[in-house]
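The values are calculated or read from the model by the stated rules, or taken from the named source; none is laboratory data. If you're wondering where the values come from, they're calculated on a predicted model, not measured in any experiment. Positions of Cβ are generated from backbone atoms using ideal geometry, with glycine treated the same way; all protein chains shown enter the neighbour counts. Heads up: the accessible areas ignore ligands, DNA and RNA and are worked out on the full protein's heavy atoms, side chains in. Shrake-Rupley method; radii C 1.70, N 1.55, O 1.52, S 1.80 Å.
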Amino acid sequence: MKKTVLVIGSGGREHAIVDALSRSPQVGKIYCAPGNAGIAKQAECVDIKVEAVEALADFAEKNDVDLTVVGPEAALAAGVADTFLSRGLKIFGPTKAAAMIESSKEFAKRLMEKYSIPTGAYVTFTDYAPAAEYVKSRPLPAVIKYDGLAAGKGVVVAATYEEADAALRDMLLDASFGKGKVIVEEFLAGPEFSFMAIVSGENVCPLAIAQDHKRAFDGDKGPNTGGMGAYSPVPFITDEIRDRALNEVLIPAAKGMVAEGVPFTGVLYGGLILTADGPKVIEFNARFGDPETEVVLPRLESDIYSLFEAAAEGKPCEPARWSDEACLGVVLASEGYPGAYAKGARIEGLDDVEGRVYHMGTKLDPEGNVATAGGRVLMVTGRGADLRAAHAAAMNDVERIKCPTLFHRTDIGRQALS
Ligand code: AMP
Ligand code: GLY
């Protein structure tokens with residue numbers, strides 16, 4: 001009997017997960033809730049919101065789903081894994097308590113302190129005045145983080161004291177984020193990389209390393225976004241650095257979670273900076289990164305269903321096998337993103353591309369055409385013998401996609417290509 005899988009989410013990450021599952025010889029039927037216009041070509045999309053955890057469990061039960069794979073943090077925060085587990089349904093994703101490694105920066109910082117995981121020094125504040133005083137006493141740039149989920153916008157790296165003060169006011173006085181805590185962190189200098197692993201208790205199965213590009217515009221200019229492009233592998237992360245990151249960060253984090261009584265099942269994502277003293281943690285996420293997943297999973301040669309299933313059953317998984325080819329992806333985003341943007345613009349040329357295009361925010365318009373439906377709209381990926389070839393392939397396909405309201409970066413991979 002082939003397996004039936006439900007993927008929860010509607011972005012490029014979920015499209016890449018669905019795409020990888022569709023390559024598994026074990027997998028028969030794939031559902032995706034709620035999915036998008038691109039995912040609909042590879043899976044049956046079901047109209048259930050990611051936070052509607054009881055409805056998702058009802059669906060999984062009724063449709064004999066063998067395994068559910070969770071994409072977004074919002075579903076984890078709504079307790080999707082807790083609900084599925086309490087109903088005896090197999091799920092790949094952490095419980096709400098384990099997902100605190102992402103949702104609470106203070107929890108993550110305490111874990112790192114207790115288990116000697118390298119990260120920047122920090123101080124927590126709940127009141128504006130002492131926070132402002134502290135920041136003024138420290139060198140610039142100031143790193144200020146809102147402690148809670150803020151959709152990637154809760155981090156300000158301020159180059160001036162004015163900018164730092166505005167961020168503190170915004171987070172602690174104006175409560176536009178909701179009443180919360182702020183962490184002021186040591187600034188870490190060095191290139192960033194994303195290191196994800198499939199984790200099940202103390203079992204850690206590392207995935208290929210990727211690099212994201214957080215800023216909106218070329219040259220790493222403009223505001224922070226969810227990510228404007230990514231590539232894998234990352235040539236300046238040597239095997240030695242990778243092994244250090246695995247042994248000093250991901251394995252102790254997984255073991256620490258077990259020791260704390262909140263064992264982690266799912267993808268543990270380390271957002272790391274390679275400092276002069278070695279890799280240090282900027283943040284943990286409790287899920288696949290987006291857009292990193294769209295360049296990592298196409299390189300996976302192992303059967304992803306086996307990896308997910310082993311983890312969901314608490315078993316160690318076989319080491320994953322990877323293609324030597326490089327994969328690089330460019331995000332096409334709606335003008336205005338990460339601020340306000342328009343939706344509903346028609347996208348043409350999607351059938352003319354050669355590589356894989358993962359849909360991040362699309363839907364079918366009333367005439368049945370693919371249209372923009374989000375800030376980040378498409379992740380156009382290219383593959384090649386090296387990153388330069390992968391970049392050329394991706395940019396070739398970017399040129400073929402026509403939509404008047406989309407913009408993109410042209411320099412994805414710049415740190416590796418220069
Ligand atoms: P985050 O949302 O935590 O990934 O942070 C967004 C971006 O802010 C990161 O990708 C980094 O570029 C930057 N950042 C966060 N924390 C630090 C830090 N301690 N030192 C330097 N840059 C940081
Ligand atoms: N690309 C960063 C993230 O998924 O949080």
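Of all residues in region 19-48, those that are within 16 Å of Val65 (Cα to Cα) have Cβ atoms under 9 Å from Cβ atoms of residues that are surrounded by fewer than 21 Cβ atoms within 10 Å (Cβ to Cβ) and at pLDDT below 95, 6 or more apart or on another chain, in Gly28/Met1. Evaluation of Ala254 against the conditions (1) under 23 Å from Gly382 (Cα atoms); (2) among the small types (Gly, Ala, Ser); (3) more than 10 Å from ligand 1 (Cβ to nearest atom) shows that the sole unmet condition is (1). Cβ-Cβ contacts under 7 Å between residues 6 or more apart (or on different chains), taken from a first residue in region 241-264 that is in contact (Cβ under 8 Å) with a residue 12 or more places away in the chain to a second residue that is open to solvent by 70 Å² or more (accessible area, probe 1.4 Å) and basic (Lys, Arg), are listed as Gly256/Lys114.
Residues that are surrounded by 23 or more Cβ atoms within 10 Å (Cβ to Cβ) and in contact (Cβ under 8 Å) with a residue 40 or more places away in the chain, at least 3 per element: which strands (runs of 3 or more DSSP E) completely within region 303-418 meet that? If you could, list the steps in order and put the result at the bottom.
Values: elements: 326-334, 357-359, 362-364, 370-372, 376-384.
It comes to 326-334, 357-359, 376-384.
Only one of the listed residues (Ala333, Ala259, Ala310, Ala326) is more than 16 Å from ligand 1 (Cβ to nearest atom), of a type in the set (A, V, I, L, M) and within 30 Å of Pro366 (Cβ to Cβ). That residue is Ala333.
Does Ala276 satisfy the criteria of being hydrophobic (A, V, I, L, M, F, W, C), closer than 23 Å to Val143 by Cβ and within 16 Å of ligand 2 (Cβ to nearest atom)? No: the conditions fail for Ala276.
Determine if region 138-150 includes at least one residue that is open to solvent by less than 60 Å² (accessible area, probe 1.4 Å), out of contact with any helix residue (DSSP H, G or I) (no Cβ under 7 Å at 6 or more places or on another chain) and farther than 30 Å from Ala78 by Cβ. Yes, that holds for at least one residue.
Within region 227-235, identify whether any single residue is more than 16 Å from ligand 2 (Cβ to nearest atom) and either touching a strand residue (DSSP E or B) at 6+ places or on another chain (Cβ under 8 Å) or open to solvent by 60 Å² or more (accessible area, probe 1.4 Å) (or both), and answer yes or no.
Checked against the condition, which is being more than 16 Å from ligand 2 (Cβ to nearest atom) and either touching a strand residue (DSSP E or B) at 6+ places or on another chain (Cβ under 8 Å) or open to solvent by 60 Å² or more (accessible area, probe 1.4 Å) (or both), region 227-235 yields at least one hit.
Within region 68-97, residues that are free of Cβ contacts under 8 Å to residues at least 12 places away in the same chain sit with their Cβ atoms under 7 Å from residues that are buried (at least 19 other Cβ atoms within 10 Å of the Cβ), at 6+ positions apart or across chains, in these pairs: Leu85/Ile91. Summed over region 210-219, the residues that are open to solvent by 20 Å² or more (accessible area, probe 1.4 Å), within 15 Å of ligand 1 (Cβ to nearest atom) and not in a strand (DSSP E or B) give a count of 2. Only one of the listed residues (Ala33, Ala55, Ala20) is small (Gly, Ala, Ser) and open to solvent by 10 Å² or more (accessible area, probe 1.4 Å). That residue is Ala55. Suppose the filter is at pLDDT 95 or above, within 11 Å of ligand 1 (Cβ to nearest atom) and not charged (D, E, K, R); does Leu207 pass it? No.
Within region 279-294, if we keep just the residues that are near ligand 2 (Cβ under 10 Å from one of its atoms) and open to solvent by 10 Å² or more (accessible area, probe 1.4 Å), the residue that is nearest to the chain's Cα centre (by Cα) turns out to be Asp290.
Can you find a residue in region 174-196 that is in a helix (DSSP H, G or I) and either farther than 22 Å from Gly266 by Cα or among the polar types (S, T, N, Q) (or both)?
Pass one, region 174-196, residues in a helix (DSSP H, G or I): none.
The answer is no; no qualifying residue exists.
Within region 11-48, the set of residues being aliphatic (A, V, I, L, M) and part of a helix (DSSP H, G or I) comprises Ala16, Ile17, Val18, Ala20, Leu21, Ile39, Ala40.
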